[in-house]
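What follows is a single structure, written as C-alpha cells, with notes after it.
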Amino acid sequence: IRSHRTNNNKMKLAIAALLAGSAAAFAPSQQGARSATQLHETKADLEALAKELNPVVGFYDPLNLAEAEFWGTSNEATIGFLRHAEIKHGRVAMFAFVGYIVHANGIKFPWAMQMDDTPFPSETNPPALWDAISDDAKWQIFALIGFLEFWSELSTPNHKHYMAGGKPGDFPDFTSGPDGIPHPVPFNLYDPFKFSKNMSEEKKASRLRAEINNGRLAQIGILGFLSEQVCPGSVPALSGVVQPYDDEPMAPFVTNYMGQAFGIN
C-alpha cells in the first residue's frame, strides 16, 4: 500500500511538472498578431511562424522539408501537407497524453462499456488497459477514426483542401443533406457550441500558436511515458512513476491479424 501511494505521489508530481511546462505555450506573444486565416505556405512564412512559436529555437528544418515538393506537387502544397500533419498529430498526442493520465489514475465511467454489461477495465497501466479492451470495441473506435479522417480530407466549395489553398488544421463542418451526411448532425467537431463565433482574428492566431506548441509538447510527453514503460531508465524523470510494460505499445490488437496471413504470430 505504501509503495502504491508513493507511485501515485510521483505520478502527480510528474504530471504537474509536465503541465507546468505546457502553460508556457499560452503566454501572449510579444510580436504583432497575424491573421488566423493567413496561410503559411512558403518557407519565409514558416520562418516567421517559427519565431512566433518559439523565439529561442526559431526555424529548425535539418531535412530541408520546407523546400520539398512531395508527389510532384508544388512547394506550397507540400508545406500545407506538413503543417496539417503536425497540427493533426499534435491534437492526437494531446488526447493521448490526457487519456494516459486519466487511465493511470484509475478514472473511468461508472456504467458498462459494452451492451453485454462488460465493465470498463480497472487496469491502471494504460497500454495494458488497451490490451484488455475487446476487439469489437476497438473496431468501433477505428471505424470512427476512419470516418473522421475521411471527412477531414474532403474538398468542397465551402472547404478548400489544405494542399490546395485551404487552412492547415481546419476540420470541415458536418453538413447534412444531399451533399453531406444523410441525417442531421447538431454539433461540429470543432467548436460545437460556437464559442469562437465572435472571437477576434488576433485571439484566433494566439490560440493556434498555443495549440501547436502544446501539441509538440504532448508528442514528447506521451512518447516519454511509453519509452520509460518499455525501456525502464530511458526517461530518468519518469523512473518509478510509470508502470513497466513488456509488450508492443504500438500494436493496435493483441492478435496479429495481418501477420496470421503470412504465418506470423
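The values are calculated or read from the model by the stated rules, or taken from the named source; none is laboratory data. These figures come from a predicted structure and were not determined experimentally. Methodologically, a virtual Cβ is constructed for each residue, glycine included, from the backbone with ideal geometry; neighbour enumeration extends over all protein chains shown. Just the protein is used for accessible areas: all its heavy atoms, side chains included, with ligands, DNA and RNA removed. Shrake-Rupley method; radii C 1.70, N 1.55, O 1.52, S 1.80 Å.
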Self-check item: Close pairs from the stretch 127-151: first more than 14 Å from PHE253 (Cα to Cα), partner of a type in the set (S, T, N, Q) and in a helix (DSSP H, G or I), Cβ under 9 Å, at least 6 apart
Solution: none
Quiz item: Being open to solvent by 90 Å² or more (accessible area, probe 1.4 Å) and outside any loop (DSSP other than H, G, I, E, B), is that true of even one residue in the stretch 249-257?
Solution: yes
Practice problem: Could you tell me which of the residues PRO172, PRO127 is assigned to a helix (DSSP H, G or I) and surrounded by 12 or more Cβ atoms within 10 Å (Cβ to Cβ)? | Solution: PRO127
Quiz item: Which one of the conditions (1) in a loop (DSSP other than H, G, I, E, B); (2) under 18 Å from the mean Cα position of the chain (by Cα); (3) modelled with pLDDT of 85 or more; (4) of a type outside the set (Phe, Trp, Tyr) does VAL241 fail to meet, given that it meets all the rest?
Solution: (2)
Quiz item: Do we find a residue being over 26 Å from ASP170 (Cβ atoms), of a type in the set (A, V, I, L, M) and at pLDDT 50 or above anywhere in the stretch 22-45?
Solution: no
Quiz item: Which of the following residues is open to solvent by less than 70 Å² (accessible area, probe 1.4 Å), within 23 Å of the chain's Cα centre (by Cα) and at positive phi: GLY90, GLY146, GLY58, GLY80?
Solution: GLY58
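Tell me yes or no: at least one residue of the stretch 210-222 is in a helix (DSSP H, G or I), among the acidic types (Asp, Glu) and closer than 24 Å to PHE81 by Cα.
Checked the stretch 210-222: at least one residue is in a helix (DSSP H, G or I), among the acidic types (Asp, Glu) and closer than 24 Å to PHE81 by Cα.
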Quiz item: If ARG216 satisfies every condition in (1) farther than 18 Å from GLY99 by Cα; (2) within 17 Å of the chain's Cα centre (by Cα) but one, which is the exception?
Solution: (1)
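For the structure I just gave you, tell me whether TYR190 is crowded, with 18+ Cβ neighbours inside 10 Å and hydroxyl-bearing (Ser, Thr, Tyr).
Numbers: crowded, with 18+ Cβ neighbours inside 10 Å: no; hydroxyl-bearing (Ser, Thr, Tyr): yes.
It is false that TYR190 is crowded, with 18+ Cβ neighbours inside 10 Å and hydroxyl-bearing (Ser, Thr, Tyr).
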Self-check item: Verdict on VAL102 being open to solvent by 80 Å² or more (accessible area, probe 1.4 Å) and either under 23 Å from PHE225 (Cβ atoms) or of a type in the set (A, V, I, L, M, F, W, C) (or both)
Solution: no
Exercise. Please work out which residue is modelled with the lowest pLDDT, limiting yourself to the stretch 171-209 and to residues that are hydroxyl-bearing (Ser, Thr, Tyr) and closer than 19 Å to LYS160 by Cα.
Key: SER176
Exercise. Answer yes or no: is there a residue in the stretch 193-207 that is touching a residue at least 60 places away in the same chain (Cβ under 8 Å), over 20 Å from the mean Cα position of the chain (by Cα) and within 29 Å of ILE107 (Cα to Cα).
Key: no
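Sort out which residues of the stretch 150-169 are at pLDDT below 80 and part of a loop (DSSP other than H, G, I, E, B), and write them in order of number.
The initial filter retains those residues of the stretch 150-169 that are at pLDDT below 80, namely 155-158.
SER155, PRO157, ASN158 - these are the residues of the stretch 150-169 that are at pLDDT below 80 and part of a loop (DSSP other than H, G, I, E, B).
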